[in-house]
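So the structure is just underneath, and the comments pick up after that.
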């Protein structure tokens with residue numbers, strides 16, 4: 001009988017597993033994906049999509065207008081994202097408080113948990129001499145037209161830029177263990193020290209027995225069962241919500257599956273006469289940091305895409321497609337990330353398959369269109385001959401579905417991270433986000449996980 | 001060319017659709033010339049079994065369609081983002097699914113030795129440096 005079973009190893013599960021393991025708890029960690037490391041992460045873009053993501057690369061909403069990228073690997077999303085670590089601002093926390101009724105959603109209340117996480121990871125704030133040409137053009141144009149921008153802060157230890165390393169390669173997992181994923185930052189050393197982790201194990205049903213919880217799972221396709229005094233669900237918005245839905249908790253928790261948001265991202269490419277090589281060096285160092293855009297509900301990110309993804313983002317094929325791809329090295333890219341309304345719903349159909357309703361509301365559309373227009377101005381102002389706005393929307397930040405709140409009719413998880421009515425079932429991942437913060441969610445996921453870890457250790461739950 | 005997951009007809013359909021999406025044009029070789037489809041199992045083997053079954057069925061049907069039908073289908077797919085109606089989501093999913101497979105087999109480092117021309121990644125100038133210690 002384990003004290004705790006932690007399901008999922010992303011920014012939340014990795015942090016909690018690390019803290020409980022260090023505290024001496026008898027824990028088991030379950031992960032649906034495989035354990036990979038810097039030697040075994042995929043080395044090609046195609047292999048990355050196939051091997052690291054659910055659905056063989058991408059999942060869709062029911063209308064197939066939005067694609068979601070959801071990872072399946074030890075370390076979860078933190079393996080493939082850019083590890084951009086920002087604290088939330090008062091706007092985000094005030095909106096969370098208003099929606100959830102949870103009064104500790106403040107920067108002051110979470111400061112010590114942010115501090116703990118930031119102290120544990122190697123952080124780097126970019127500087128002017130680390131910008132590539134894509135970033136230089138973005139910031140020059142922002143300065144001219146009066147859009148405020150700032151340098152990003154990334155979790156990284158040694159990216160070997162002085163030796164010519166290109167960080168776009170780490171979108172398939174960092175081959176240097178520089179990126180501060182929950183694997184490199186927490187789990188790698190814990191696994192070496194004996195952390196009990198079982199991979200390729202997908203939990204299919206949660207049975208609550210009062211003082212204990214039984215988990216039914218498929219391990220490489222074979223049924224297995226585990227039992228613990230407590231469980232911590234850390235499968236992210238889709239994973240955690242799916243486990244609760246398919247275990248029948250919707251009857252007691254009417255809000256289960258609701259309030260899904262995802263910061264939909266829309267990329268626009270600018271074609272320049274000069275060679276840009278936007279995929280070289282640090283390929284994401286700056287973003288808009290403009291209070292006006294923050295109030296308007298969107299931000300601009302200076303990004304780029306590897307070839308298959310870039311090809312996918314342009315809807316056309318044939319000669320038109322080839323003309324665009326021929327100019328790949330002369331393209332820059334900016335995306336608008338919309339702070340979307342939490343109008344989505346996560347469901348499970350009668351075959352046990354996830355279905356995602358994600359209406360793109362009038363407000364979302366207005367924010368996207370305004371952002372795109374500003375991007376076009378930024379690009380043409382700096383000399384872009386042509387601007388290509390991709391029609392595709394991608395959701396990378398999967399949030400909500402099991403939201404936190406004081407009212408069990410409108411939320412799933414209480415302010416102490418317990419599933420309403422279940423004293424030994426905890427959730428602290430992005431599924432508890434009451435609404436979209438409009439800020440990269442990773443650091444706050446880890447801060448919330450740190451708060452739960454501290455709570456569990458202090459309460460001595462089975463430790 | 002053989003696959004443990006897709007039928008010969010399905011592979012034939014991918015090559016035909018691939019050549020319509022990426023024909024030989026200037027320095028770009030056609031999709032089938034490059035031959036990246038030889039490594040398609042590396043991609044398909046990670047997809048859910050039910051999706052592989054559906055893909056096989058769809059591609060086998062498409063393999064028997066004349067080119068003008070495939071061109072019509074590609075046109076519907078390309079315009080699906082702006083389309084409405086009950087079939088629009090199906091065309092959108094088809095669009096992403098088929099283009100995903102074809103671009104993944106084309107803009108790739110995995111190309112058979114039998115292809116001796118310039119690789120598509122080299123043509124577009126994609127060149128990532130990995131410094132590994």
| request: Could you check which residue among B:68, B:28, B:91 shows the biggest mean-square fluctuation in a GNM of chain B with a 10 Å Cα cutoff? | output: B:68
| query | Taking Cα pairs under 8 Å and at least six residues apart, what relative contact order does the range B:8-124 come out at, in percent? | reply | 38
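Starting from 0.36 nm per residue, how many nanometres of slack lie between residue A:365 and residue A:122 once their C-alpha separation is accounted for? Kindly include the intermediate steps, with their values, before the conclusion.
Numbers: separation 243, 0.36 × 243 = 87.48 nm, distance 3.72 nm.
Computed gain between residue A:365 and residue A:122 is 83.8 nm.
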| said: Testing the spin-label approximation: label points 7 Å from Cα along Cα→Cβ at residue A:323 and residue A:350. State their distance in nm. | reply: 5.0
| message | Compute the angle between helix A:11-22 and the longest alpha-carbon principal axis of chain A, please, reported from 0 to 90 degrees and rounded to the nearest 10. | response | 40
| field | Equivalent ellipsoid semi-axes - Cα gyration tensor, the range B:1-86, angstrom | value | 21, 19, 12
| Listed peptides A:370-378, A:229-237, A:44-52 by packing density, highest first (mean Cβ within 10 Å) | A:229-237, A:44-52, A:370-378
| Projected label distance in nm at residue A:211 and residue A:161, using a 7 Å step from Cα toward the beta-carbon | 5.6
| If all Cα-Cα distances of the range A:84-202 are sorted into 10 Å bins from 0 onward, what percent lands in each bin, rounded to whole numbers? | 10, 28, 30, 26, 6, 1
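Among rounded, prolate and oblate, which fits the range A:228-339 when a ≥ b ≥ c are the square roots of the eigenvalues of its C-alpha gyration tensor, a/c under 1.5 means rounded, and a/b larger than b/c means prolate? List each step's numbers first, then the result.
Numbers: a/c = 2.75, a/b = 2.07, b/c = 1.33.
Since a/c reaches 1.5 and a/b is larger than b/c, the shape of the range A:228-339 is classed as prolate.
In what sequence do A:216, A:420 fall when counting other Cβ within 10 Å, fewest first? Mind dumping the intermediate values first?
Values: A:216 14, A:420 20.
Lowest count first: A:216, A:420.
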| Between B:104, B:84, B:30, which gets the highest mean-square fluctuation from a Gaussian network model of chain B, Cα cutoff 10 Å? | B:84
| query | Across peptide A:161-168, what mean number of C-beta atoms from other chains lies inside 10 Å of a residue's C-beta? | reply | 3
| request: Find how much the distance from residue A:98 to residue A:140 grows on full extension, using 0.36 nm per residue of separation minus their present alpha carbon separation; answer in nm with one decimal. | output: 11.3 nm
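Give me A:320, A:433 sorted ascending by neighbouring Cβ count inside 10 Å, so fewest comes first.
Values: A:320 12, A:433 29.
Going from sparsest to densest Cβ surroundings: A:320, A:433.
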| said: Students often check this: by mean Cβ neighbours within 10 Å, which of A:139-150, A:348-359, A:327-338 ranks highest, and how do the rest follow? | reply: A:327-338, A:139-150, A:348-359
| remark: Expressed as a percent, the portion of alpha-carbon pairs in the range A:98-140 spaced more than 18 Å apart is 58
| query | Given the rule -39500 (n - 2.57) for each run of at least 4 DSSP H residues, summed and divided by the residues of chain A, what is its mean residue ellipticity at 222 nm, to the nearest 500 deg cm²/dmol? | reply | -9000 deg cm²/dmol
| task | Considering only B:18, B:97, B:35, give the residue with the highest GNM mean-square fluctuation for chain B, with springs between Cα atoms whenever their separation is below 10 Å. | result | B:97
| Roughly speaking, what is the centre-to-centre gap between the range A:41-72 and the range A:168-243 when only Cα atoms are used, to the nearest Å? | 19
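Over the whole of A:48-61, what's the average partner chain Cβ count within 10 Å per residue? Rounded to a whole number, please. Before the final figure, lay out the partial values.
Numbers: counts 0, 4, 8, 4, 1, 1, 2, 4, 12, 8, 4, 0, 5, 1.
Per residue, the number of nearby Cβ atoms from other chains is 4 on average.
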| If you take the C-alpha gyration tensor of the range A:203-254, multiply each eigenvalue by 5 and take the square root, what semi-axes do you get, largest first, in whole Å? | 17, 15, 10
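Order of B:44, B:34 from fewest to most other C-beta atoms within 10 Å?
On the way: B:44 19, B:34 23.
Listing B:44, B:34 from fewest to most nearby Cβ atoms yields B:44, B:34.
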| note | In Å³ per residue, the alpha-carbon convex hull of chain A encloses 137
| remark: With label points set 7 Å from each Cα along the Cα-to-Cβ direction at residue B:53 and residue A:23, the distance between them in nm comes to 4.5
| Against the longest principal axis of chain B, how steep is helix B:88-106, in degrees 0 to 90 to the nearest 10, with axes from Cα atoms? | 20
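Which value in deg cm²/dmol, rounded to the nearest 500, describes the helix-derived mean residue ellipticity at 222 nm for chain B, given -39,500 (n - 2.57) per DSSP H run of n ≥ 4 and division by the residue count? Walk me through the numbers on the way to the answer.
Details: 7 runs with 73 residues, N = 133.
Computed ellipticity for chain B at 222 nm equals -16500 deg cm²/dmol.
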| Which of the peptides A:22-28, A:123-129, A:293-299 is most tightly packed, and how do the rest follow, judged by the mean count of other Cβ atoms within 10 Å per residue? | A:293-299, A:22-28, A:123-129
| task | Please label the shape of the range A:1-110 as rounded, prolate or oblate, based on the square roots a ≥ b ≥ c of the eigenvalues of the alpha-carbon gyration tensor (a/c under 1.5 means rounded; beyond that, a/b larger than b/c means prolate, else oblate). | result | oblate
| task | Give the shape of the range A:413-463 as rounded, prolate or oblate, defined through the alpha-carbon gyration tensor: a ≥ b ≥ c are the square roots of its eigenvalues, a/c under 1.5 means rounded, and otherwise the shape is prolate if a/b is larger than b/c and oblate if not. | result | oblate
| request: Take the alpha carbon atoms of the range A:432-463, find their center, do the same for the range A:290-351, and report the distance between the two centers in whole angstrom. | output: 29
| field | Cβ neighbours within 10 Å from other chains - mean over B:109-118 | value | 1
| query | So what's the angle, to the nearest 10 degrees on a 0 to 90 scale, between helix A:107-120 and the longest Cα principal axis of chain A? | reply | 80
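Every read-out reported here was derived from the displayed coordinates using simple, explicitly stated rules and does not represent laboratory data. Every value quoted in this text rests on a predicted model; they were computed, and no experiment measured them. Reconstructed Cβ throughout: ideal geometry from the backbone, glycine too, with neighbour counts over all protein chains shown.
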